[in-house]
Amino acid sequence: MASAKEEAAKAYWKENVRLLITLLVVWFVVAYGLGIILAPVLNNIVIAGYPLGFWFAQQGSIYIFIALIFTYVFKMNAMDRKYDVHEE
Amino acid sequence: MGLTLTTYLIVGATFALYIGIAIWAKAGSTGEFYVAGKGVNPIANGMATAADWMSAASFISMAGLIAFLGYDASVYLMGWTGGYVLLALLLAPYLRKFGKFTVPEFIGDRFYSKPARVIAVVALIVASVTYVIGQMRGIGVAFSRFLETSYEIGLFSGMAIVFIYAVFGGMKGITYTQIAQYCVMIFAYTIPAVFISLAITGNPLPQLGLGGTVADGTFLLERLDNILVDLGFSQYTIMKGTTLNMFFLTMSLMIGTAGLPHVIIRFFTVPRVRDARLSAGWTLVFIAILYTTAPAVGAMSFYNLINTVQPGEIGAEEGNLAYEDVPEWFSRWEETGLLGFEDKNDDGRIQYYNADNEDFAPTAEEYGWEGNELSVDRDIMVMANPEIAQLPAWVIALTVAGGLAAALSTAAGLLMAISSAISHDLIKGVINPGISEKGELLSARIAMAGAIVVAGYLGLNPPGFAAQVVALAFGLAASSLFPVLMLGIFSRRMNSAGAMAGMVTGLSFTLIYVFVYKGWFFVPGTNMLPDTPEYWVMGIGPQSIGAVGAIVNVFFALLVSKMTAPPPKDIQELVESIRVPRAS
C-alpha cells in the first residue's frame, strides 16, 4: 500500500517537472529568443505599427508570461485531482 | 482651488484611508502579524503583492528610463515581470506548503542548520535595508516637491503612517493597505496615460496607442525613430547594448525578483497551495497593467517633449522653440530643477540633440548648434505627464498620491520582511527559543518600530553608495537566495554543506565582480578596473553578473552535496511533503 502511494507521488512529481520544463522553455524562447536574440531580425517585420522584436520585448513577453502562469495553474489543478492530492 | 491645496486634500484622503484600514486590521496573534492569519483571498493577495513589488522607482522613474533607453529598457520590463514565472512555478506553491512564517526559516529547517538560517537573515536584511532607503527618500522628495514641506517633514510623515499600520497591523494591516495603495497607484498611472494616448494617437488604450499613428499618419514608433536619428541619437526601437549583456541583465533581474524575500512572504498569506499559484498569476496581471502602460507613457511623453522644443523642421532656425514661448508646465518644472535650459549659442531658442555623437557634430555645427541646451530628469516623464496633457489639477494631485502609495507599500513590505526575520528567525529561532507567543508578538512589534526608525535615519542620512547597492540588490538575491530555495525543493539530495557552499561561493563571486568595478565595499576610487563596457569580462556589466553568480552557486552546491553525506531521512521526507499540495 505504502509503495503504491510512493509510486503515485513519484509519477505526480515527474509529470509536474515535465510541465515546468515545457512552460520554462516557452518562457525562455519568448523572453530571450524573440525578445533579445532575434529582436534585431524580427524588427524588420512591422505589425500594427510595432516592429515585432520591440513588441515582444516591451509588450508581448509580458502577456505571454501571464498566460504561462495561468496555464500552469489550470494544469496543476487538474493534475492534483488526477493524482488525488488536491486540497479541500 | 490651488494645486497645492488639491494635492493636500487628495494625499490627505489617501492617508486617512490607510489609517482607517490600520484601525480595522489590528493583528492579535503572531500568525496574523507575520502572515495575516493565512486568510487572504488570492486575488486580493495578487493586488497587495503588485503594490508590494512596484516601488517608487517603478512608478516614478521607469517610464522615463524607457523614454531615454528605448528598446534597451526592455531588460527591466521583461526582467521584473518574467521573474514571476519563476516564482510561480518554482518557489511559491512549495514554500506555501511548507507553511511557516519566513524565508530564512525555510532555509534553516530544510538545511537543518542554524548558521544557514543566520546567513539567510543577513542576506535578507542587507537586500531589504538598502531597498527601503530608496523608498524613504522617494517619500521625502515627493512631499518636498509637491506639498511644499521640508524633506524631513515629508519623511517623518511617511514614517508615521507606516508606523501606524505596520506596527499594529503587521502583515494583516500591511496587506489591506497595500490593496488600497494598489488602487490609488494604478488609477494615478493609467488616467494620464489614457489621455496622453488619446491626444497623440487617438487610441484610448496606451498599449495599442504605442503602435498607433500620430497626426501626420505615420506610426508613432517610426516617427520617433526618425526624429531621434535626425537629432543624432540612435533609433528608439533598436538594440544599443550588447546582446550578451542584455541577456544576463534580464536573467539577473528575473532570478533576483523571484528571490526577493519581501515578495516571497506575501505568498505565505493565502489559505492553500493552489491559491499561492493562482495568486502569482493575478499578481502579474496587476503588475502588467502598469508595466505594459509604462512603455507607452515613456514613448509618448518623450515624443511630446521633443515636439515641444522642436516644433518645426530640424536644422531650420525657426524649427526650434523660442525660450520666451515655452508652455506653462515647462516653466513650472524648470523651477524644480528637473528641466534645465542653458542657451549655449545665444539664439534664444532651445536645441535638444545628442551632443556626444561625434558623427553628428558636423551637422550640428552646420545648424549653428553649440551643444545640447536642454537637460531633462527622467522622473519628469511620469510626474509632468498630466500637465503636458492639460489634465485638471486633481489628476496631478492623484499622481502625487500614486507615487506616495508606491513608495509606502513597498517600504511596508520590506519592513515586514526585516522585522519578521529579526523577531522570528533571530529572537525566537536562535536567541530565545522558549519565548511565549505574546512575547514574540511584542518583539515583532518592537522590531518593526526599530526597523522603521533605522530606515528613517538612513533616509535622512543616505550612505553614498545607496543608489549603487539598490541596483545590485537583485544580483545578490539572485546569487544567494534563489538557487538555494530552488535546490531545497527540487533536489532531495541537497544537503546543508552543499547549500552553504553554494550561498557562499555565489555571493562572494558576485560581490567580488561588483567590487572590482564599483570599488571595494563601494569606497570610491578603490575599483580595480573602470566601470565601462570595454573593461567588462565578455561585456557583462556588474549589474548583470547575478545570473552568473547563480550558476556558480548551483554548481558548487551540487558538487559539494555530491561529495558529502545525504541529508537525514526526516529532511528527505520534508522535501517529499512540500512537493504535494494536500497535507498528509
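The values are calculated or read from the model by the stated rules, or taken from the named source; none is laboratory data. Computed from a predicted structure; not experimentally measured. All Cβ positions, even for glycine, are placed from backbone atoms using ideal geometry, and neighbour counts span all protein chains on display.
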Looking only at residues in the stretch A:35-53 that are facing chain B (nearest Cβ under 7 Å) and closer than 20 Å to B:Leu208 by Cα, which one is modelled with the lowest pLDDT?
A:Ala48
State whether the residues of the stretch B:521-530 include one that is farther than 21 Å from B:Leu91 by Cβ, assigned to a helix (DSSP H, G or I) and assigned by TED's automatic domain parsing to the domain that holds B:Thr250.
yes
Of the residues in the stretch B:247-259, how many are farther than 11 Å from B:Ile545 by Cα and within 11 Å of chain A (Cβ to nearest Cβ)?
1
Could you run through the stretch B:260-291 and say how many residues are among the aliphatic types (A, V, I, L, M), more than 9 Å from chain A (Cβ to nearest Cβ) and within 19 Å of the chain's Cα centre (by Cα)?
6
Residue check for B:Pro206: under 22 Å from the mean Cα position of the chain (by Cα) and either within 14 Å of another protein chain (Cβ to nearest Cβ) or of a type in the set (A, V, I, L, M) (or both):
yes
Exclusive hit being at pLDDT 95 or above, over 30 Å from B:Gly241 (Cα atoms) and facing another protein chain (nearest Cβ under 7 Å), set A:Val17, A:Val73, A:Val85
A:Val73
Can you name the condition, by its number, that A:Val29 falls short on among (1) within 26 Å of B:Phe248 (Cα to Cα); (2) in contact with an Asp or Glu (Cβ under 9 Å, 6 or more places away or on another chain); (3) more than 7 Å from chain B (Cβ to nearest Cβ)?
(2)
Considering (1) surrounded by fewer than 19 Cβ atoms within 10 Å (Cβ to Cβ); (2) part of a helix (DSSP H, G or I); (3) modelled with pLDDT under 95, say which one B:Cys183 fails and leave the rest.
(3)
If B:Arg378 passes every condition in (1) in a loop (DSSP other than H, G, I, E, B); (2) out of contact with any helix residue (DSSP H, G or I) (no Cβ under 7 Å at 6 or more places or on another chain) but one, which one does it miss?
(2)
What residue, of A:Ile62, A:Ile47, is closer than 25 Å to B:Thr293 by Cβ and crowded, with 23+ Cβ neighbours inside 10 Å?
A:Ile62
Taking into account only those residues within the stretch B:362-393 that are over 22 Å from B:Gly2 (Cβ atoms) and polar (S, T, N, Q), which is surrounded by the most Cβ atoms within 10 Å (Cβ to Cβ)?
B:Asn372
Scan B:Gly108, B:Gly28, B:Gly46 and give me the residue that is within 30 Å of B:Ala583 (Cα to Cα), within 14 Å of another protein chain (Cβ to nearest Cβ) and of a type outside the set (D, E, K, R).
B:Gly46
Can B:Ser55 be described as crowded, with 22+ Cβ neighbours inside 10 Å and at pLDDT below 95?
yes
Matching residues in the stretch B:82-96 - criterion: being at the interface with chain A (Cβ under 7 Å from one of its Cβ atoms) and closer than 16 Å to B:Ala50 by Cβ
B:Gly82, B:Tyr84, B:Val85, B:Ala88
Being surrounded by fewer than 23 Cβ atoms within 10 Å (Cβ to Cβ) and among the hydrophobic types (A, V, I, L, M, F, W, C) is the filter here; which residues of the stretch B:102-118 pass it?
B:Ala116, B:Val118
Being closer than 12 Å to B:Leu253 by Cα and within 14 Å of chain A (Cβ to nearest Cβ) narrows it down to one residue among B:Gly70, B:Gly79; which is it?
B:Gly79
Restricting the search to the stretch B:287-305, which residues are surrounded by fewer than 21 Cβ atoms within 10 Å (Cβ to Cβ) and modelled with pLDDT under 95?
B:Asn304, B:Leu305
Residue under evaluation B:Gly232, criteria (1) at the interface with chain A (Cβ under 10 Å from one of its Cβ atoms); (2) at positive phi, criterion not met
(1)
Being buried (at least 23 other Cβ atoms within 10 Å of the Cβ) and among the hydrophobic types (A, V, I, L, M, F, W, C) is the filter here, so list the residues in the stretch B:136-150 that pass it.
B:Met136, B:Ile139, B:Ala142, B:Phe143, B:Phe146
